[in-house]
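Notes follow the structure.
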Amino acid sequence: MKRPCAQQGLTLAELLLALAITAVMMVPLAAMFQTAANSGIAVRGALDLNSDARFALDRIAMRVQTASMIGDSTGTILQPGVAPAPALTYTIVDGNLVEAEYATTTTTILTIIKTILAPTQPRLSTIANNVTTFKLAAPATNGQPLLTIAMTLAANGSEVKASRTIRVGSMP
């Protein structure tokens, strides 16, 4: 007599049941991985904004040391009296912080006439993107003048506020 051999493999019902249990367990994991990926994108965006803000603050701080005048779109903030050095103006144009550098020379009648007849065009440099606010301020001090630089950058739901106060005429 032959004995019936033991069952080899899985039945179709068992296989379908295992697949259904695995799918139910994977749904929350997929949502968790999607949330982690979105968080990574947001953190990377904030790091990029921070890097842009730090670069802009460092550049302004270095340029202020040799500027004859510095101002934002509201007017001249500071005039240390270093001439002939460039005059710098910072404005926000289409969400970009733009530095305009105006060449200055010692003032003579001839340079005044040349400026009136053929004004020199400033050299423009974009130093930060996604800038929503920018402000320069020169608080009153008894000693060496101070300059406070403040800006806000925002993109893709991230917002970064950065500021720095420097002494004019000294390295930052």
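When the residues of region 124-172 are narrowed to those that are among the hydrophobic types (A, V, I, L, M, F, W, C) and not in a strand (DSSP E or B), which ends up modelled with the lowest pLDDT? It comes out as M171. Out of L49, L110, one residue alone is out of contact with any helix residue (DSSP H, G or I) (no Cβ under 9 Å at 6 or more places or on another chain), modelled with pLDDT of 80 or more and not charged (D, E, K, R). It is L49. If you check I60, I41 for being modelled with pLDDT of 85 or more and more than 17 Å from T152 (Cα to Cα), only one passes: I41.
Of all residues in region 63-101 being of a type in the set (G, A, S) and at pLDDT 80 or above, which is nearest to A138 (Cα to Cα)?
Result: G71.
The values are calculated or read from the model by the stated rules, or taken from the named source; none is laboratory data. Nothing here was measured: the structure is a model prediction, and the numbers come from that model. Every residue, glycine as well, gets a Cβ built from its backbone with ideal geometry; the counts of neighbours run over all protein chains shown.
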